[in-house]
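Shown next, in structure tokens, is the structure this report addresses.
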Ligand code: HEC
């Protein structure tokens, strides 16, 4: 066949460079997969695509345990009993919500004014006015202690 003959001719002249090209292609592919994986990890914060995460509940301090109670009463409907996420809201125990990315102020703000949908596709988080001012600190303690126990610093 004329096509295969033409191919043969070409490769005879440039076997080396074609081989290098081949390796380059494989390397590019590996790099691409690695980059895609890293981007996905960063975007999803190490959690599953659905925003949920496996959460191990640590032995909480008294303050955090108090916060956990409020969390279960007010936030769990969307964020899950242990903040592992649900079909209505993301887990808060994932790198996306690590302290230097979503500081304590971001938690206060979310509770006071809600959060517009931006990281996920669950919709907006409505404000949570039923949380009293004194209850927010303990909720933050619960979130941070649980994050630390799950390797989120
Ligand atoms: C009706 C469901 C719902 C309830 C109840 C709820 N949340 Fe949320 N929350 C969400 C959703 C959905 C998001 C994600 C928005 C996005 O980024 O797409 C979110 C995001 C957050 C964020 C991240 C905000 C940001 O700046 O990105 C924090 C912190 C948070 N919630 C804390 C809480 C706490 C604490 C409570 C309880 C006092 C609570 N939420 C109750 C649905 C809820």
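Any read-out appearing in this document is the output of simple, stated calculations on the displayed coordinates, not a laboratory observation. For clarity, every value in this text was computed on a predicted model and none was experimentally measured. Every residue, glycine as well, gets a Cβ built from its backbone with ideal geometry; the counts of neighbours run over all protein chains shown.
As an exercise, use a Förster radius of 41 Å and the Cβ-Cβ distance of residue 130 and residue 100 to find the FRET efficiency, rounded to the nearest 0.05. My answer for the efficiency is 0.90.
If the chain linking residue 57 and residue 121 were pulled fully straight, counting 0.36 nm for each residue of separation and taking away their Cα-Cα distance, it would gain 20.4 nm. When you count the other C-beta atoms within 10 angstrom of each residue and take the mean per peptide, 99-110, 83-94 line up highest first as 83-94, 99-110. Taking the number of Cβ atoms within 10 Å of each Cβ as an exposure proxy, the fewest-first ranking of 145, 81 is 81, 145. Under the shape rule built on the C-alpha gyration tensor, where the axes satisfy a ≥ b ≥ c, region 62-149 is rounded, since a/c falls short of 1.5. Short-range pairs are left out: with C-alpha atoms under 8 Å and at least six residues apart, the relative contact order of region 62-149 is 37 percent. Indicate the gyration tensor shape class of region 98-153 (rounded, prolate or oblate), computed on the Cα atoms with a ≥ b ≥ c the square roots of the eigenvalues: a/c under 1.5 is rounded; otherwise a/b larger than b/c is prolate and the rest oblate. Verdict is oblate for region 98-153.
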